[in-house]
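Engineer: Mind having a look at this structure? Questions to follow.
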Amino acid sequence: MSSRFNRTGLACALAIGLLGAVAGCSGSSSTSPGPSSPSGPPGLAAGPQGASATQVSVVTVQPENQPVTTELSGRTRSRLSAEIRPQVGGIVQQRLFEEGALVKAGQVLYQLDPASYKAAYASAQATVAKSEATVNAAKVTARRNAELAKIEAVSKQTSEDSQATLQQAEAELGVARAALDTARINLGFTRITAPIAGRIEASTVTPGALVTASQTTALTTVQQLDPIYVDVTQSTTELLRLQRELAAGTLKGSSDKSEASVKLLLEDGSTYGHAGRLQFSSVTVNEGTGAVTLRILVPNPDRTLLPGMYVRAVLEEGVAEGALLIPQQGVTRTASGDASALVVTADGKVEKRALKVSRAVGNRWQVTEGLKAGERVIVEGSLKVKAGDSVKAVAASDATVASAGAAAAAAAPTAR
């Protein structure tokens, strides 16, 4: 009996001890809060000033002298082109060239049957010989009659008639010699030659074909390909803009525009290996297109450029002094086309700026209004902030700007 009461008492004593320990711990935590018991969510204990700022990448706007270029489309044209037509009629005996080959000036291309022309030439030679004999006889008669007339052995009329006969014979000799020249020329025309050097096209006739003098269908065409012309068109709108910028001083023109170098871009996007030279700008506006034609002379030693090819010419209009250029990814546009950018102010706040841009220069926009030199434009992280936010600005790396600029250029159409 006493043993059971002892076990019960021990259990009660342990329970009372545990309750006291729990009560002591509770009292201690309520009276002395420690640093491990924050009164709010983590990170906000210090109030709004303690919030972390969003990090954005920025580019500092710096003025620079930027060459201003214009990209114009056009087509190549042969510098010299000659359509080969016969100048006398006849049967084609031989074709003396390889189609598509390079020919020299004066090279024989076709041989016509010369038989009838040789006969005409021989006849003309005989006529000349006969006329020369007549002239010689008339000279002897005229000279003899003149001597006899002095001693009144013949009448003065007879002497004058012999002189007239001599003059008539000399005139007939001149006609015969002209006919001989004509026969020689026509005989030479049976050998059809290339008037210029260049690449020759396919022949429209074969040996045995009958051709006629000055026929409308060309036998073939020879085109000079080195150098070659590139004709491009520029709208009058762009010409007026260029004139305004030059007048306002925002653009400095080239000292000698005729010596301006022109870069060509081929249809596949590659750059042609030889620079061209601007030759002239037409003074007449095409009423149908509202554009003027610019002609460029381009070296073509490898005959890479062929007549009729589509190319794009990059022309240097002048130099924009103190131009402000920002990466294209730093500019956003509304549905109506208005441009804007987010700028980080000196106190680290985001400010939205309305911009005016004039043209694209590579993967950058040239800004004419809305920015000043030294301001910082957000180029990465703009989607995470808005106007009025506090941000931490870090300089964007060149690689970041280049990669983002390439993506922006591929996504957006090029504007000038």
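Engineer: Residue by residue through the stretch 372-390, note down the ones that are crowded, with 17+ Cβ neighbours inside 10 Å and in a loop (DSSP other than H, G, I, E, B).
Structural biologist: Initially, the stretch 372-390 is screened for residues crowded, with 17+ Cβ neighbours inside 10 Å, giving 375-382, 385.
Of everything in the stretch 372-390, those that are crowded, with 17+ Cβ neighbours inside 10 Å and in a loop (DSSP other than H, G, I, E, B) turn out to be GLU375, GLY381, VAL385.
Engineer: Of the residues in the stretch 102-119, how many are of a type outside the set (Gly, Ala, Ser), more than 11 Å from ASN186 (Cβ to Cβ) and not in a strand (DSSP E or B)?
Structural biologist: Within the stretch 102-119, the subset of a type outside the set (Gly, Ala, Ser) is 102-104, 107-114, 117-118.
Restricting the remaining residues to those that are more than 11 Å from ASN186 (Cβ to Cβ) gives 102-104, 107-111, 113.
Okay, now just the ones that are also not in a strand (DSSP E or B), so 104, 107, 113.
Of the residues in that region, 3 qualify.
Engineer: May I pose another question? So, of the residues in the stretch 310-336 that are among the small types (Gly, Ala, Ser) and at pLDDT below 85, which turns out to be surrounded by the fewest Cβ atoms within 10 Å (Cβ to Cβ)?
Structural biologist: Taking the stretch 310-336 and keeping what is among the small types (Gly, Ala, Ser), we get 313, 318, 320, 322-323, 330, 335-336.
Within this subset, residues satisfying the condition of being at pLDDT below 85 are 318, 320, 322-323.
Numbers: GLY318: 19, ALA320: 23, GLY322: 11, ALA323: 22.
Selected residue: GLY322.
Engineer: Looking at the stretch 337-367, which of the residues that are β-branched (Val, Ile, Thr) and within 20 Å of GLU71 (Cα to Cα) is surrounded by the most Cβ atoms within 10 Å (Cβ to Cβ)? Break it down into steps so the answer makes sense when it comes.
Structural biologist: Step one: list which residues in the stretch 337-367 are β-branched (Val, Ile, Thr), which gives 343-345, 350, 357, 361, 367.
After this cut, where a residue has to be within 20 Å of GLU71 (Cα to Cα) as well, the list is 357, 361, 367.
Values: VAL357: 21, VAL361: 17, VAL367: 23.
Within the stretch 337-367, the match that is surrounded by the most Cβ atoms within 10 Å (Cβ to Cβ) is VAL367.
Engineer: Another one. Can you tell me which residues in the stretch 144-172 are touching a Lys or Arg at 6+ places or on another chain (Cβ under 9 Å), under 29 Å from ALA124 (Cβ atoms) and aliphatic (A, V, I, L, M)?
Structural biologist: Answer for the stretch 144-172, where residues must be touching a Lys or Arg at 6+ places or on another chain (Cβ under 9 Å), under 29 Å from ALA124 (Cβ atoms) and aliphatic (A, V, I, L, M): LEU166, ALA169.
Engineer: Within the stretch 269-308, can you find the residues that are assigned to a strand (DSSP E or B) and either at positive phi or β-branched (Val, Ile, Thr) (or both)?
Structural biologist: THR271, VAL292, THR293, ILE296, VAL298
Engineer: Among the charged types (D, E, K, R) and in the same structural domain as GLU369 (by TED's automatic domain parsing): does that describe ARG312? Explain how you work it out, then say what you get.
Structural biologist: On the way: among the charged types (D, E, K, R): yes; in the same structural domain as GLU369 (by TED's automatic domain parsing): no.
Here the answer is no, as ARG312 does not meet what is asked.
Engineer: For the stretch 225-268, how many residues meet the condition of being of a type outside the set (A, V, I, L, M, F, W, C), at pLDDT 70 or above, outside any loop (DSSP other than H, G, I, E, B) and exposed (fewer than 12 other Cβ atoms within 10 Å of the Cβ)?
Structural biologist: To start, the set of residues in the stretch 225-268 that are of a type outside the set (A, V, I, L, M, F, W, C) comprises 226-227, 229, 231, 233-238, 241, 243-245, 249-250, 252-259, 261, 263, 267-268.
Those left that are additionally at pLDDT 70 or above: 226-227, 229, 231, 233-238, 241, 244, 261, 263, 267-268.
Those left that are additionally outside any loop (DSSP other than H, G, I, E, B): 226-227, 229, 231, 233-238, 241, 244, 261, 263.
When the remaining residues are screened for being exposed (fewer than 12 other Cβ atoms within 10 Å of the Cβ), the result is 237, 244.
The total comes to 2.
Engineer: Looking only at the stretch 397-409, decide whether some residue is in a strand (DSSP E or B), modelled with pLDDT under 90 and in contact with a Ser or Thr (Cβ under 8 Å, 6 or more places away or on another chain).
Structural biologist: Step one: filter the stretch 397-409 for residues in a strand (DSSP E or B), giving none.
Taking every residue of the stretch 397-409 in turn, none turns out to be in a strand (DSSP E or B), modelled with pLDDT under 90 and in contact with a Ser or Thr (Cβ under 8 Å, 6 or more places away or on another chain).
Engineer: Moving on to the next point. Residue by residue through the stretch 171-224, note down the ones that are assigned to a loop (DSSP other than H, G, I, E, B) and of a type in the set (Val, Ile, Thr).
Structural biologist: Keep residues of the stretch 171-224 that are assigned to a loop (DSSP other than H, G, I, E, B), which gives 190, 194-197, 201-209, 212-219.
Scanning the stretch 171-224 gives THR190, ILE196, THR204, VAL205, THR206, THR212, THR216, THR217.
Engineer: While we're looking at this one, here's another question. Which count do you get for residues in the stretch 331-371 that are of a type outside the set (D, E, K, R) and either in contact with a helix residue (DSSP H, G or I) (Cβ under 8 Å, 6 or more places away or on another chain) or part of a strand (DSSP E or B) (or both)?
Structural biologist: Residues in the stretch 331-371 being of a type outside the set (D, E, K, R) and either in contact with a helix residue (DSSP H, G or I) (Cβ under 8 Å, 6 or more places away or on another chain) or part of a strand (DSSP E or B) (or both): 20 in total.
The values are calculated or read from the model by the stated rules, or taken from the named source; none is laboratory data. On a predicted model such as this, the values are computed, not experimentally measured, just so you know. Heads up, the Cβs are rebuilt from the backbone with ideal geometry, glycines too, and the neighbour counts pull from every protein chain shown.
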